[in-house]
Every structure is written in C-alpha cells, then in structure tokens.
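Structure, as structure tokens:
The values are calculated or read from the model by the stated rules, or taken from the named source; none is laboratory data. Because the structure is a prediction, the values reported are computed rather than measured. Positions of Cβ are backbone-derived with ideal geometry, glycine not excepted, and every protein chain shown enters the neighbour counts.
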Amino acid sequence: MPSFTLEQLNQTSAAFVGDQMQLPPMVSAVKKDGVPLYKLARQGLEVERRERLIHIYSFQFTSYQEPIGCFRVACTKGTYVRTLAHDFGRKLGCGAHLAALRRTASGRFDVAEALPLYPVLALSTAELEKRVIPFLKLAREA
C-alpha cells in the first residue's frame, strides 16, 4: 500500500471540489422502474444507473494516521459520501472506504444546535415548546 501525507490527501481531495457526475450505488434509495435499488441489490441484481450531477463545496482531510484519514465534506443533497470515498481511493490508486459517517449539518440545521434524547425527555412542556420548530414555520421558510 502506498504511503501518503496529509498534504497529498488534501491535494487529491481538492480535485473533487466543484460540479461532477456521480453514479448512485446499488445500495441506495434511487428507484429503477419504481423499485429502490437497495431492494434489487438484496436480490443479487445489478442494474444500469444514471449518473447524477452533484456539487462538492469543500473536501478537506483533518487528520491522517496511516491507514486512517478523517475528512469533512460539504456537498449538495443527493451526494453519496461512501461513493465519494470509493472514487477518491480509485484516484489515489489504492482503494478507500468509510469506517464511519456522521452528518453534522443538513440545510440550515446543524448538529451543534441539537440536544441528546435524554435531556429532551427531561424538558418541561414549556421548555420543549421553546425548542421545537413548528412544521408550518419550516414549510414557510423552505
């Protein structure tokens, strides 16, 4: 296996920033003739899929201790980060996969503003009402 530096990983990841086409994996919710691909994959089938346009805003490695690298990516919805890792490994010529995946933000929602379950359960009704965003408010802002 080739050896890499953090700088080399970030040089390679920079090439992924911007618009690109990505092939959805077979284990995805994308539908083919009304059937989710993951259901077809469970049957051992692989079907032709169409590439989709995605955009990577940033793709930055934060640490690397061979053979494990940690990165942060900001991307459009519909981006398959596991596929991004696979494509990244192909570009490096050594392969790559995800050991862990954590979404820290989605749209205007950030995990930093979230509460764990048990503290939520301990809130009074009045405190909970202050924290919950009404659905109609969300729909108007969308």
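For a quick check of your reading of the model, give me the residue pairs whose first member lies in the stretch 93-120 and is over 15 Å from residue 77 (Cβ atoms), whose second is surrounded by fewer than 10 Cβ atoms within 10 Å (Cβ to Cβ) and at pLDDT 90 or above, with beta-carbon atoms closer than 9 Å and at least 6 apart or on different chains.
Correct list of pairs: 99/68; 111/102; 111/103.
Just the residues that are modelled with pLDDT under 95 and of a type in the set (S, T, N, Q), please, taken from the stretch 83-103.
none
Considering only residues that are of a type outside the set (Gly, Ala, Ser), over 17 Å from residue 107 (Cβ atoms) and assigned to a helix (DSSP H, G or I), which ones fall in the stretch 117-135?
Answer for the stretch 117-135, where residues must be of a type outside the set (Gly, Ala, Ser), over 17 Å from residue 107 (Cβ atoms) and assigned to a helix (DSSP H, G or I): 117, 118, 119, 120, 121, 125, 127, 128, 129, 130, 131.
Kindly indicate whether residue 141 is out of contact with any strand residue (DSSP E or B) (no Cβ under 7 Å at 6 or more places or on another chain), farther than 30 Å from residue 83 by Cα and among the acidic types (Asp, Glu). Working first, answer last.
Values: out of contact with any strand residue (DSSP E or B) (no Cβ under 7 Å at 6 or more places or on another chain): yes; farther than 30 Å from residue 83 by Cα: yes; among the acidic types (Asp, Glu): yes.
Yes; evaluated as a whole, the condition is true for this residue.
In contact with a helix residue (DSSP H, G or I) (Cβ under 6 Å, 6 or more places away or on another chain) and either within 30 Å of residue 14 (Cα to Cα) or surrounded by 14 or more Cβ atoms within 10 Å (Cβ to Cβ) (or both) - does that describe any residue in the stretch 30-44?
Yes; the residues of the stretch 30-44 include at least one that is in contact with a helix residue (DSSP H, G or I) (Cβ under 6 Å, 6 or more places away or on another chain) and either within 30 Å of residue 14 (Cα to Cα) or surrounded by 14 or more Cβ atoms within 10 Å (Cβ to Cβ) (or both).
I'm trying to understand the selection: among the residues of the stretch 52-75, which are in contact with a Phe, Trp or Tyr (Cβ under 8 Å, 6 or more places away or on another chain) and either touching a residue at least 40 places away in the same chain (Cβ under 8 Å) or farther than 18 Å from residue 106 by Cα (or both)?
Residues satisfying the conditions are 56, 59, 60, 61, 62, 64, 66, 69, 70, 71.
Just one of the numbered conditions (1) assigned to a strand (DSSP E or B); (2) over 14 Å from the mean Cα position of the chain (by Cα) is not true of residue 41; which one?
(1)
Name the residue that is nearest to residue 78 (Cα to Cα), counting only residues in the stretch 8-22 that are among the polar types (S, T, N, Q) and touching a residue at least 40 places away in the same chain (Cβ under 8 Å). Full working, then the answer.
Step one: list which residues in the stretch 8-22 are among the polar types (S, T, N, Q), which gives 8, 10-13, 20, 22.
From what's left, touching a residue at least 40 places away in the same chain (Cβ under 8 Å): 10, 12-13, 22.
Working: 10: 23, 12: 22, 13: 19, 22: 9 Å.
If we take residues in the stretch 8-22 being among the polar types (S, T, N, Q) and touching a residue at least 40 places away in the same chain (Cβ under 8 Å), then 22 is nearest to residue 78 (Cα to Cα).
Only residues in the stretch 31-51 that are in contact (Cβ under 8 Å) with a residue 60 or more places away in the chain count as the first member; pair them with residues that are among the hydrophobic types (A, V, I, L, M, F, W, C), Cβ under 6 angstrom, at least 6 apart or cross-chain, and list the lot.
none
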